[in-house]
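K.L.:
Please find one structure pasted underneath; my questions will follow.
The values are calculated or read from the model by the stated rules, or taken from the named source; none is laboratory data. If you're wondering where the values come from, they're calculated on a predicted model, not measured in any experiment. All Cβ positions, glycine included, derive from the backbone under ideal geometry; neighbour counts span all protein chains shown.
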Amino acid sequence: MRETLKKFAARFGAFHVKLLSGAEIKAWLASEPLAVKTRNRHLGYVGNVFSLAEEWNLIDADPFKKVNGFNDPHAKARQVAILTPEQLAALLRAAASNPCTGLESRSSPGPRRV
């Protein structure tokens with residue numbers, strides 16, 4: 001968090017906090033040469049600070065209430081595909097009809113290598 005606050009102070013230190021918008025801060029982070037995860041981490045830390053400032057009545061409204069994080073274009077590639085019942089049935093039929101698949105169903109927790 002210290003790194004985030006240093007970067008934030010270097011960029012916005014001369015501005016009055018009440019005049020900053022969440023979109024403006026997000027645009028600044030978008031222009032930084034950072035990974036999406038790092039941008040979201042910084043955005044989260046700054047958002048937490050503004051949330052506390054609102055809670056402590058230091059600012060009237062939290063400018064981050066309607067600001068979403070950055071979208072990770074690689075996140076979809078990491079998602080696990082879930083088979084439909086039809087796809088699962090087809091997979092099990094194919095595995096049962098081809099003993100060379102290396103999968104064997106047993107009464108234990110699930111498919112196992114043989």
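K.L.:
Output yes when any residue across region 18-30 is surrounded by fewer than 11 Cβ atoms within 10 Å (Cβ to Cβ) and of a type in the set (Ser, Thr, Tyr), and no when none is. Walk me through how you get there before you give the answer.
P.N.:
Of region 18-30, the ones surrounded by fewer than 11 Cβ atoms within 10 Å (Cβ to Cβ) are 19, 27.
Narrowing further to those that are of a type in the set (Ser, Thr, Tyr): none.
There is no residue in region 18-30 that is surrounded by fewer than 11 Cβ atoms within 10 Å (Cβ to Cβ) and of a type in the set (Ser, Thr, Tyr).
K.L.:
Of all residues in region 31-48, which are of a type in the set (A, V, I, L, M, F, W, C) and surrounded by fewer than 16 Cβ atoms within 10 Å (Cβ to Cβ)?
P.N.:
From region 31-48, those of a type in the set (A, V, I, L, M, F, W, C) are 34-36, 43, 46; that's our starting set.
Result: LEU34, ALA35, VAL36.
K.L.:
I'd like to check something: does region 74-90 contain any residue that is part of a loop (DSSP other than H, G, I, E, B), under 24 Å from GLU3 (Cβ atoms), of a type outside the set (Phe, Trp, Tyr) and at pLDDT below 90?
P.N.:
Yes.
K.L.:
Residues VAL67, VAL80, VAL46, VAL17: which one is of a type in the set (Val, Ile, Thr) and over 19 Å from the mean Cα position of the chain (by Cα)? Quick ask: steps written out before the conclusion?
P.N.:
On the way: VAL67 fails: over 19 Å from the mean Cα position of the chain (by Cα); VAL80 fails: over 19 Å from the mean Cα position of the chain (by Cα); VAL46 fails: over 19 Å from the mean Cα position of the chain (by Cα).
Step by step, each of VAL67, VAL80, VAL46, VAL17 is checked, and only VAL17 is of a type in the set (Val, Ile, Thr) and over 19 Å from the mean Cα position of the chain (by Cα).
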